[in-house]
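Note sheet for the following structure.
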Amino acid sequence: MRARNNFYILNWYQVLNFGIVHTYLLKVVQVIERLPKKQRHQQLLKHMEDNPFMTDRELTRLLKVSIQTIRLDRMELGIPELRERLKLMAERSYDPVRSLQADEVIGEIVDLQLDKSGISIFEIGEEHAFARTGIARGHHLFAQANSLAVAVINDEVALTATADIRFLRPVHLGEKCIAKAYVRRAGQRSKAKVEVFSYVGDELVFEGQFVIHHSGNEAASIEGGDEH
C-alpha cells in the first residue's frame, strides 16, 4: 500500500510540476511573440500603410500588445487616432467623380484617382442589416463595390457590363467596410476592368471583378489631341 501511495504521490507531484512548467512555458512564448519596439513600430507603419483605417483594437490583436502600447506607439510615430485620420483623408483633394452624381455613390469616397484607384468607406447601419441576425444584406456590399468601380472611371457615361463577385464572410451591424478599387485594364476605348476588394479591418470580406463600359469620349479626345 505504501508503494502504491507513493506512486500516487509521485503522479500528483508530476502533475503539479507539469502545470507549473506549462504556465511558465506559456509566459515564455508570450514574451517571445512580443516584438522589439523598433520592429513593432515597423510593422505598425506597414499595417497603417496597407490599411490607414485600422482601429487600435485591431492593431492590438495583430501586434499582440496592449491598447495602451498601441496608443503610445502611434503618438511616438506621429500617427493620429482613427477619427482624425478619417477627417484628414476626407479633406484631401482628390479627382471629382465624373460618371455618377454624389448621392449615387454608395459609401463615402475618401480617395479617388480617375482611371487608377479609389477608396470608399461604408458603415453598416440598421437599415442595411437583417433585423434578426444583424448581418449586412449582400446587395449593400455589392452596391458599394459596384458604385466605386463605376466612379473610378474617367468618363461621364459608365455602366457595369459584367460582375464576378465573392462574399468571403458576413459583415455585421456597426462594422465599417473599406472598399479599394483598382483599374487593371483600360486600354480599350470603351471598356475597363476594375477589381474591388472590401475589408473590415485587415480582413477581406468581399472581392469583385467588374467590366465597365464607358463612352470612350475621354480616350477619343486624348487620341485626337495627339494627332494634332
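The selection criterion, being more than 27 Å from Ser198 (Cβ to Cβ) and modelled with pLDDT under 50, does not hold for Ile20. Of all residues in the stretch 160-201, those satisfying the criterion of being part of a strand (DSSP E or B) and under 22 Å from Met48 (Cβ atoms) are Lys176, Cys177, Ile178, Ala179, Lys180, Ala181, Tyr182, Val196, Phe197, Ser198, Tyr199, Val200.
Taken together, the residues in the stretch 124-153 that are part of a loop (DSSP other than H, G, I, E, B), more than 21 Å from the chain's Cα centre (by Cα) and surrounded by fewer than 22 Cβ atoms within 10 Å (Cβ to Cβ) amount to 4. The set of residues in the stretch 74-107 being under 24 Å from Thr55 (Cβ atoms), modelled with pLDDT under 90 and among the acidic types (Asp, Glu) consists of Glu81, Glu84, Glu91. Just one of the listed residues (Glu126, Glu58) is in the same structural domain as Gln209 (by TED's automatic domain parsing) and either of a type outside the set (Val, Ile, Thr) or modelled with pLDDT of 85 or more (or both), namely Glu126.
When every residue of the stretch 132-154 is checked against the conditions, at least one turns out to be under 16 Å from Ser99 (Cβ atoms), at pLDDT below 95 and not hydrophobic (A, V, I, L, M, F, W, C).
As a summary of the residue check, Ser221 satisfies the conditions (1) at pLDDT 95 or above; (2) over 16 Å from the mean Cα position of the chain (by Cα) except for the one numbered (1).
The values are calculated or read from the model by the stated rules, or taken from the named source; none is laboratory data. All values reported here derive from a predicted model rather than from experimental measurement. Cβ sites come from the backbone with ideal geometry, for glycine too, and all protein chains shown count toward neighbours.
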